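Everything below concerns the one structure shown next.
The values are calculated or read from the model by the stated rules, or taken from the named source; none is laboratory data. This one's a predicted model, so the numbers in the text were calculated from it and none came from an experiment. No Cβ is skipped: glycine too gets one built from the backbone with ideal geometry, and neighbour counts run over all protein chains shown.
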Amino acid sequence: MTELIVTINVTTYDAYMFDSENSRVVMIPFSGVAEGNYFAGKTIADGIDTQITAGGSFTLSARYMLEGTDRSGEKCRLFIENNGTSLDNCVPKIYTDSKELAFLESARLTADVECVANGVVVRIYMHS
């Protein structure tokens, strides 16, 4: 069974990048608003998405912290590190100070990223 845990509407800002002889590194700052049955909140400061193309391979890693409320209405924070090799092949890791959402730290999670105007939409799923 697959369950949608949270949807994050992300606004991206101007990227920082460089090209070398064998690689390209892009860092994209972003902010976001999260909604879902388990958590609702927004990013604390900006997150960063790092995309590296080197040796014919592509990797991405986005890291950010969200502040909001869990499904019981308690204030909490989530730290998310989302790693992948394409927009539809991402594996997030979640850490939280919420007792209600502590199960997410050991859950089997996947994510997909959809490009939209001015940013992306990230959907994080839990698999049982």
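If you take the residues in region 3-53 that are of a type in the set (S, T, Y) and part of a loop (DSSP other than H, G, I, E, B), which one is farthest from C115 (Cα to Cα)?
Residues of region 3-53 that are of a type in the set (S, T, Y), as a first pass: 7, 11-13, 16, 20, 23, 31, 38, 43, 50, 53.
Imposing the further condition that a residue be part of a loop (DSSP other than H, G, I, E, B) reduces the set to 13, 20, 38.
On the way: Y13: 14, S20: 26, Y38: 24 Å.
Of everything passing the filter in region 3-53, S20 is farthest from C115 (Cα to Cα).
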(request) From the list L60, L87, L66, L109, pick out the single residue that is hydrophobic (A, V, I, L, M, F, W, C) and closer than 15 Å to A40 by Cβ. (result) L66
(message) I'd like the full set of residues that are modelled with pLDDT of 95 or more and loosely packed, with under 13 Cβ neighbours inside 10 Å, limited to region 36-56.
(response) N37, A54
(message) Give all pairs with beta carbons closer than 7 Å in which a residue from region 87-107 that is over 19 Å from S61 (Cβ atoms) meets a residue that is among the hydroxyl-bearing types (S, T, Y); count only pairs at least 6 apart in sequence or on separate chains.
(response) E100/S72; L101/Y38; A102/T96
(request) Examine region 111-128 for a residue that is within 22 Å of S57 (Cβ to Cβ) and without any contact (Cβ under 8 Å) to a residue 24 or more places away in the chain, and state whether such a residue exists. (result) no
(request) Only one of these is more than 15 Å from the chain's Cα centre (by Cα), free of Cβ contacts under 8 Å to residues at least 12 places away in the same chain and more than 15 Å from V122 (Cβ to Cβ): G55, G73. Name it. (result) G73
(request) Check S86 against each of (1) touching a Phe, Trp or Tyr at 6+ places or on another chain (Cβ under 8 Å); (2) modelled with pLDDT of 95 or more; (3) not aliphatic (A, V, I, L, M) and name the one condition it does not meet. (result) (2)
